[in-house]
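Here's the structure, in structure tokens; my notes come after.
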Amino acid sequence: MILKRFGAYFKYLKPVRVQFSIGLIAGLVYAASSGFGLPLVIKYLVPLVTQDDKPTGWLLAGILISIPAVFFLRAIGSFINSYYIAYTGMHVLEQLRISVFARIQELPIAFFHSNNIGDLMSRVQGDTAQLQTAIVKVVDSLIKEPATLISAGAYLVYLSTQENDVTFILIALASVPACVLPIKAIGTRIVKKASQAQKQAGQLNHVLNESLSATREIRSYNLETREVNRFSEACRDFLLKSLKVVKYDKMLTPLIELVTSLAIVLALYMAVQRNIDEGALASILAALYMCYQPVKKLGGVSNTVKKAEASLDRLEYILDAEDTVPEAINPTPLGNIAGNIRFDKVSFRYTQDDGTVLRNVSAEIKAGEAIALVGPSGAGKSTFANLVLRFYDVIEGHVLVDGIDVRNVTKADLRAHMALVSQESVLFSDTIANNIRVARPDATVEEVQTAARMAFAHDFIEALDQGYETQVGERGSLLSGGQRQRISIARAFLKNAPIIILDEATSALDSESEHNIQTALEELSKGRTVLIIAHRFSTIQHADRIFVFDDGEIVATGSHKELYPTNDLYQSLYDKQAKTVHETQDSSD
Ligand code: ATP
């Protein structure tokens, strides 16, 4: 059963197979010395005390030395086995964690709409750790314990051939399988409870993550107590669910010990009846103990496996998640494209349950054109841009770049030809230079600086103490919004892609930043195809053409001059914008 459930992951053992094999061999040494060696030594040891005719000389020395010798083998076997098995387990875990992370990188954006970040983090961290414990325990015990059981069983069989009267021990041995009953009964409960506990761990992480990413909002709206209560509630639920796992986990050992004690009493009673000598009796008891001990440990392992199964389910949810934006099977290389974009009768909705967001949209954008996408909130402007980047796939129609359907190009190739300047420019916690360089990792210092100059970012960067080597803090929090955006524009310059997608910031910037950014963007637009999700009146004026979106359709296209007198929606949107600008200007005068 274990093989069936975990078999697919044995491939991770391949890179550490040498260490794994050493661990297994050491486990066999441990098992043989425990199951066979120890009872055998006891058989000769007890008569030393009880027998009148005591051995002397070499025989005595041999018997005495055999004790530390067996324990030495057992100790060495145990240490090497435990170390290399733990080594193997940790390597397996590392690979598994990386595989899950790599899968998360591949999954389409839609996956993140239906899964919260805290829960995903809990899966990558908590569930892989749960699996690591399981792998180490399972792999460790799977050889050591059954081998000890077999060795001890073999010893008992050997003894029964030596001493005719001890065949009854086989009866005691036959009671070993009885221990399986509590193991099975508890196992099914554990898997259910562990799954609930891990899910709750995800919820706990979700609350934590959400709270830590909204520190400003929490303080400004006095939500501290609400957040503490929310977290306490999640903690309490997690505690209750974890305790249920602990309850069943801890129930197993006492139950097995109970069954064991009954079997040992039976063996003792029969031994007394048959007048077995002390040495043989002691060694029978030792061997029986070596039979039950592994069963008890395997019971514990079974519980761990059940917990791991729950974690594995949660990891497989990521590993086996459907890629709703699959890679092209026979991709066409884009090469040096001019930058034409065409929407051919495109319809789109985010999920099966959602309404249609774009309806039969057709549009032609020539290479080098700057197109402003305008329309009321929720009209579908961002969605239109997202489809060009192939963040999602259309449900009907085609999105084409230079005549090639974006689904026939690899995602990496397609996106290599596009630069996205998003509304909230997210920077990585690294230096400014490295943040610009994400656009082209092999760019020289000069190229990075040229890009920064073109984005009007060079001067402010140079004014910082560490210049380009300044650390920007988590998500760029040590820089202002305008500075972050200029770094993001510098990235786009460095990428030098033929298609630029610009999600214009809605939040107002100070007029100098605003002016610099506008100039930088105009510069960036030269000779490139640009899609601007426009929120500003100033940007709209610079566009070659404007697409007016309304409720998932492009209801009009044309220049400002053409649209203003002819399209009511455009006129009202424009007037509203212009009014806001005038009001802002009046109040600042
Ligand atoms: P805004 O100017 O407010 O940014 P927009 O015109 O860019 O709006 P879109 O973001 O394209 O509008 O959204 C179009 C529609 O799709 C909206 O009704 C929105 O609620 C819906 N939508 C957007 N993103 C998702 C999503 N991830 N899942 C489901 N529906 C979504």
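The values are calculated or read from the model by the stated rules, or taken from the named source; none is laboratory data. Note that the structure is a prediction, hence the values are computed from the model and not measured. Cβ atoms come from the backbone with ideal geometry, glycine included; neighbour counts cover every protein chain shown. SASA here: full protein model, heavy atoms, side chains in, ligands and nucleic acids out. Shrake-Rupley method; radii C 1.70, N 1.55, O 1.52, S 1.80 Å.
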*So which residues in the stretch 471-497 are open to solvent by less than 20 Å² (accessible area, probe 1.4 Å), of a type outside the set (A, V, I, L, M, F, W, C) and within 31 Å of the chain's Cα centre (by Cα)?*
G473, G476, Q485, S488
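Residues checked against (1) open to solvent by 40 Å² or more (accessible area, probe 1.4 Å); (2) in contact (Cβ under 8 Å) with a residue 40 or more places away in the chain; (3) among the basic types (K, R); (4) not in a helix (DSSP H, G or I):
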{"residue": "L45", "(1), (2), (3), (4)": "yes, yes, no, no"}
{"residue": "D53", "(1), (2), (3), (4)": "yes, no, no, yes"}
{"residue": "L64", "(1), (2), (3), (4)": "yes, no, no, no"}
{"residue": "V70", "(1), (2), (3), (4)": "no, no, no, no"}
_Checking the structure you have, find out if any residue of the stretch 320-331 is surrounded by fewer than 20 Cβ atoms within 10 Å (Cβ to Cβ) and within 14 Å of the ligand (Cβ to nearest atom)._
yes
*Does any residue in the stretch 98-118 that is within 17 Å of N386 (Cα to Cα) come within less than 7 Å, Cβ to Cβ, of a residue that is away from the ligand (no atom under 14 Å from the Cβ) and not in a helix (DSSP H, G or I) six or more places away or on a different chain, and which pairs are these?*
E106/D323; L107/A321; L107/D323; P108/D323; F111/A321
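Yes/no matrix, rows are residues, columns are (1) modelled with pLDDT under 90; (2) surrounded by 17 or more Cβ atoms within 10 Å (Cβ to Cβ):
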| residue | (1), (2) |
| --- | --- |
| L387 | no, yes |
| F391 | no, yes |
| I395 | no, no |
| N408 | no, no |
| A416 | no, no |
| Q423 | yes, no |
| V426 | yes, no |
| D430 | yes, no |
| A451 | yes, yes |
*Hey, can you tell me all the residues within the stretch 1-30 that are more than 32 Å from the chain's Cα centre (by Cα) and either open to solvent by 40 Å² or more (accessible area, probe 1.4 Å) or at pLDDT below 85 (or both)?*
I25, L28, V29
*asked:* What's the total number of residues in the stretch 364-377 that are among the small types (G, A, S), in contact (Cβ under 8 Å) with a residue 12 or more places away in the chain and surrounded by fewer than 17 Cβ atoms within 10 Å (Cβ to Cβ)?
replied: 2
*Do any residues in the stretch 182-194 that are touching a residue at least 12 places away in the same chain (Cβ under 8 Å) have Cβ atoms under 6 Å from those of residues that are in a helix (DSSP H, G or I) and open to solvent by 90 Å² or more (accessible area, probe 1.4 Å), where the two are at least six apart or on different chains, and which pairs are they?*
K193/K244
*asked:* Just to check your reading of the model, which residue among V409, V438, V401, V445 is in contact with a Lys or Arg (Cβ under 7 Å, 6 or more places away or on another chain) and away from the ligand (no atom under 13 Å from the Cβ)?
replied: V438
*In the stretch 334-383, residue farthest from the ligand (Cβ to nearest atom) [restricted to those that are assigned to a loop (DSSP other than H, G, I, E, B) and closer than 12 Å to V394 by Cα]*: T356
*Based on what the data block shows, is G482 within 27 Å of P331 (Cβ to Cβ), touching a residue at least 12 places away in the same chain (Cβ under 8 Å) and of a type in the set (G, A, S)?*
no
*Can you spot a residue in the stretch 115-132 that is within 16 Å of the ligand (Cβ to nearest atom), out of contact with any Ser or Thr (no Cβ under 8 Å at 6 or more places or on another chain), open to solvent by 20 Å² or more (accessible area, probe 1.4 Å) and more than 30 Å from V41 (Cα to Cα)?*
yes
*asked:* So in the stretch 500-533, with the set limited to residues that are within 16 Å of the ligand (Cβ to nearest atom) and modelled with pLDDT of 80 or more, which one is surrounded by the fewest Cβ atoms within 10 Å (Cβ to Cβ)?
replied: D503
_Residue list for the stretch 338-362, filter: out of contact with any Lys or Arg (no Cβ under 7 Å at 6 or more places or on another chain) and surrounded by fewer than 20 Cβ atoms within 10 Å (Cβ to Cβ)_ = A338, R342, D344, K345, R349, Y350, T351, Q352, D353, D354, R359
*Answer yes or no: is there a residue in the stretch 433-443 that is closer than 13 Å to L479 by Cβ, touching a residue at least 12 places away in the same chain (Cβ under 8 Å) and part of a helix (DSSP H, G or I).*
yes
*Report yes if some residue within the stretch 97-113 is outside any helix (DSSP H, G or I), of a type outside the set (D, E), touching a His at 6+ places or on another chain (Cβ under 9 Å) and surrounded by fewer than 21 Cβ atoms within 10 Å (Cβ to Cβ); otherwise report no.*
no
*In the stretch 535-544, which residues are under 16 Å from I499 (Cα atoms) and buried (at least 18 other Cβ atoms within 10 Å of the Cβ)?*
A543
*Would you mind finding the one in L288, L212, L208, L315 that is open to solvent by less than 20 Å² (accessible area, probe 1.4 Å) and within 30 Å of R103 (Cα to Cα)?*
L315
*asked:* Restricting to the stretch 338-361, name every residue that is over 21 Å from L521 (Cα atoms) and touching a residue at least 60 places away in the same chain (Cβ under 8 Å).
replied: R342, Y350, T351, T356, V357, L358, R359, N360, V361
